[in-house]
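Asks: Just dropping this structure here.
Read the figures in this text as sums done on the coordinates, not as results from a lab. All values reported here derive from a predicted model rather than from experimental measurement. Reconstructed Cβ throughout: ideal geometry from the backbone, glycine too, with neighbour counts over all protein chains shown.
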Amino acid sequence: MPDPKQPPHYCQAITRRNEPCKAYATATGFCPLHSEGSNQMHVVGGLCRTKAHMLSTRMDPKLKAIVDLISKSAQEVHEGTITPAQGQSIAALGSSLVRAMDSAEFALKLEQLEKRLTEASRHAV
């Protein structure tokens, strides 16, 4: 228990606003968010909140493969491994594949809805 006569020790870190951190310090002289190894805590804490992470975990594996291919192609264009024309061709093919997958998924959902509607109309009579 801290001594009430002793003033509390604050973190020695400087915040982004160029002000001293107002959190209480641990034995290291820094608060838990500014102590050594805290960067790892920030990375892990924020990983699952990014839109990219949420999309990648919920994305259809076939679609993820297309996204990965296009992303890799963009990197290869940047590095000069492939020409911009080749990268553009890969992107166009990927876009066509995604549209085809969307159409197939839409047709499947429509078929399921038509089945439900037919079954509901049979039960209603």
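Asks: For a Förster distance of 35 Å, can you work out the FRET efficiency between the beta-carbons of E79 and M59, rounded to the nearest 0.05? Kindly include the intermediate steps, with their values, before the conclusion.
Replies: On the way: r = 25 Å, r/R0 = 0.72.
The calculated FRET efficiency here is 0.85.
Asks: What is the set of long-range amide H partners of Y10 at a cut-off below 5 Å, with H atoms built 1.01 Å from backbone N?
Replies: Under 5 Å from the amide H of Y10 lie the amide H atoms of A25, each far enough along the sequence or on another chain.
Asks: Oh, and also: Work through the residues other than I70 whose Cβ is under 12 Å from its Cβ and net out their charges, Lys, Arg +1 and Asp, Glu -1. Let's see the in-between values first.
Replies: Values: positive: K64, K72; negative: D68, E76.
Summing Lys/Arg as +1 and Asp/Glu as -1 gives 0.
Asks: Would you calculate the separation in nanometres between label points at A27 and A104, each defined as 7 Å from the Cα along the Cα-to-beta-carbon direction?
Replies: About 6.0 nm, to one decimal.
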